[in-house]
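Could you have a look at this structure, given as structure tokens, before my questions?
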Amino acid sequence: MKIAVLVKQVPDTETKIVINANKNGIDESNIKYIVSPYDEYAIEEAIKIGGETTVISMGPDRCIESIRTALAMGIQKAIHIDTQGKSYDSYQTAAALAKVIKDGGFDLVLTGKQGIDYDNGQVTQMAAELSGASQVMVIDKLTINGDKAKVERRIAGGSKEVYESGFPLFLGCEKGLNTPRYASLPGIMKAKSKPIEKKSADELLGGATALVEFTNFELPPERAAGKRIEGEPPQQAAQLVKLLREEAKVI
Ligand SMILES: Cc1cc2nc3c(=O)[nH]c(=O)nc-3n(C[C@H](O)[C@H](O)[C@H](O)COP(=O)(O)OP(=O)(O)OC[C@H]3O[C@@H](n4cnc5c(N)ncnc54)[C@H](O)[C@@H]3O)c2cc1C
């Protein structure tokens, strides 16, 4: 089976976000980048299934570091879709990925359920549609029987949905699908010299640029400090009701 894993590079969750001078993006100067956490479940699942595995990532040169993380964990091959400093929106990212996936003849495409920077959760679905493939999102169980895949996803109320599908198939991975392994030292060393196939986003997209333009980035308002309610429980309850009614105006 030919498996592709889509990896998005995102700012580390501890990053202190600074808006850039033009207010149309974030200041990337002091950011530590990581593999988007949900993509780690996709990487782990591909390694567990086995077969021929390829990691694909679209972005500037810096995303090679995330590609090497996937290789160090155990993915065999790698493709970097280089954006060469140009901006692309989610639709174009999906279109470029879909082209590479179709040309590569991949049977199964594993992705994260969403990138944790914008929390969009849209590239997988669009890339599946553009590649004429089936897709199931937010899966936490996968079983492959010959030319069929059976997947489960948890839904509200504790129930679960079960799907069966042929290939090609795109799956958005959720926490709980597996336990991503840590890259071993030999794995990290080997990954340093593994070849990474380069493709140009500009060529794949025929020179197109972002359709969606970022016009204004601002940080969320600072959260007001919490209030400490002193006294015995009955007084505290009375005071809490008063604050919820008069200050928070929620009751
Ligand atoms: C420098 C820069 C400039 C940008 N400029 C713009 C802009 O002008 N307009 C705009 O709309 N957006 C812009 N973006 C945002 C960018 O288009 C999206 O972040 C990107 O396309 C991914 O989409 P998403 O966040 O919707 O991913 P999601 O849909 O949340 O991702 C779901 C899954 O799809 C896969 N995936 C997503 N992105 C990639 C990727 N790049 N490579 C491989 N797999 C991936 C991963 O498995 C991920 O878990 C910019 C981003 C960067 C870094």
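The values are calculated or read from the model by the stated rules, or taken from the named source; none is laboratory data. Quantities reported herein were computed from a predicted structural model and do not represent experimental measurements. Please note: Cβ atoms are built from the backbone with ideal geometry, for glycine as well, and neighbour counts cover all protein chains shown. The area values use the complete protein model at the heavy-atom level, side chains included, leaving out ligands, DNA and RNA. Shrake-Rupley method; radii C 1.70, N 1.55, O 1.52, S 1.80 Å.
Looking at the square roots a ≥ b ≥ c of the eigenvalues of the Cα gyration tensor of the chain, which shape do they give, rounded for a/c under 1.5, prolate if a/b is larger than b/c, or oblate?
prolate
What is the distance in Å between the Cα centres of region 1-58 and region 217-239?
36 Å
Among 57-68, 178-189, 32-43, how do they line up by average Cβ neighbours within 10 Å per residue, starting with the highest?
Ranked by mean Cβ neighbours within 10 Å, highest first: 32-43, 57-68, 178-189.
Sticking with this one: What number, rounded to the nearest 500 deg cm²/dmol, is the helix-based mean residue ellipticity at 222 nm of the chain, given -39500 (n - 2.57) per DSSP H run of at least four residues and division by all its residues?
-8500 deg cm²/dmol
Given a Förster distance of 30 angstrom, what is the FRET efficiency for L243 paired with I17, based on the Cβ-Cβ distance and rounded to 0.05?
Result of the calculation: an efficiency of 0.45.
Provide the per residue accessible area, probe 1.4 Å, for the chain, rounded to a whole number of square angstrom.
Normalised by residue count, the accessible surface of the chain is 58 Å².
Can you give me the long-range amide H partners of V138? Hydrogens built in the peptide plane at 1.01 Å from N, cutoff under 5 Å, separation of 5 or more residues or another chain.
It is G172, C173, by chain and number.
Let me ask something else. Under a 5 Å amide H to amide H cut-off, with H placed in plane at 1.01 Å, what residues pair with F217 once short-range neighbours are removed?
Those qualifying (amide H under 5 Å, at least 5 residues apart or on another chain) are N24, G25.
Carbon-plus-sulfur fraction of the accessible area of the chain, 1.4 Å probe, in percent?
For the chain, the apolar C and S fraction of the accessible surface comes to 51 percent.
State which entries of K32/K77; K8/K160; K141/K249; K99/K190 exceed 32 angstrom in Cα-Cα distance in the structure shown.
Flagged as over cut-off: K141/K249.
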